[in-house]
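Below is one structure, written out as C-alpha cells; comments come after it.
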C-alpha cells in the first residue's frame, strides 16, 4: 500500500458495521450436542446457530437463529455417558431429526447469506469451549463432502475464555448468571438454548468492552 493510500485509509477509519468491528469476520454463535467427544467417530445430534448484528447505536445483539435435531450418521458412536448428560434419545420418534447433510447445509446457507449481507469475508465460530464445537462442525462437513464451509478452519471466539476475563467465571451457567441473564437448568444441554445464552453472553462482553475498543480506534 502506498503512503497516500495508507493515509487515506487511516482518515476513512474502519469499515462500518460488524465487518469493521471484527476485522472483516462475521461472528456466528454455534452450539452442538453430541454422542461423545471424538468428532471423527461420535454422532452429531443437535446443532444450533445464532447470527449477531449491530444496532444503530453500535450495540451487538442476537438476531436470527436456526436449529436442527440430527440423525446419527451410519456407524456413529453413541456414548451412554454423553447421552445421560444431554438427555437426548437419538432414536425417539418425535425428534423430527434430519441427516447431517441437511442440517449442515441449512446452517451454512444462512451463514453464507449473512456474510454477503454484512460484507464480511468469512465467519468465525463463537462457542463456549468453542474448539469442541468447531471440531465437530468441520468433521461433519468433511464427512458429508461439503466444500463451501463458511467457518474459519481454526480461529474462533471462546466465551469460556472471554467470560473468565470479564466475569471471573468459565462455566456457562455461572457466566450467564454473572452477565445478568437468567439461567434455566431444565433447558441446558439443548443446542438451541445453549447457543442462545452463549450469544447473549458474548454480546454482553463485546458491548461491555466497547469503550475500550472505541478508545483504541479514536486514539
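Here, each number is a calculation from the coordinates, and none is a lab measurement. Keep in mind it's a predicted model, so treat the numbers as computed, not measured. Cβ: placed from backbone, ideal geometry, glycine included. Neighbour counts: every protein chain shown.
Fully extended, how many nm does the chain gain between residue 101 and residue 185 (0.36 nm per residue separation, minus their Cα-Cα distance)?
Details: separation 84, 0.36 × 84 = 30.24 nm, distance 3.03 nm.
Fully extending the segment from residue 101 to residue 185 adds 27.2 nm.
When you restrict to C-alpha pairs under 8 Å that are six or more residues apart and normalise by the size of the chain, the relative contact order lands at 23 percent.
Taking the DSSP bridge list for the stretch 17-218 and keeping only pairs wholly inside it, about 60 percent are antiparallel. What is the Cα centroid distance between the stretch 190-219 and the stretch 28-57, reported in whole angstrom? With the stretch 190-219 and the stretch 28-57 each reduced to a Cα centre, they are spaced 17 Å. Find how many whole Å separate the alpha carbon centroid of the stretch 156-174 from the alpha carbon centroid of the stretch 85-154. Measuring centre to centre over Cα atoms gives 22 Å.
Evaluate E = 1/(1 + (r/R0)^6) for residue 161 and residue 208, where r is the Cβ-Cβ distance and R0 equals 22 Å; express this FRET efficiency to the nearest 0.05.
On the way: r = 15 Å, r/R0 = 0.67.
The computed FRET efficiency comes out at 0.90.
Note on the chain: with a GNM built from Cα contacts shorter than 10 Å, the maximum mean-square fluctuation among 98, 176, 85 falls on 85. Available extension along the chain between residue 63 and residue 23 is 12.4 nm, counting 0.36 nm per residue and deducting the alpha carbon span.
May I ask you to compute the full-extension gain from residue 81 to residue 147, defined as 0.36 nm times their residue separation minus their alpha-carbon distance, rounded to one decimal in nm?
Values: separation 66, 0.36 × 66 = 23.76 nm, distance 3.26 nm.
Gain on stretching residue 81 to residue 147: 20.5 nm.
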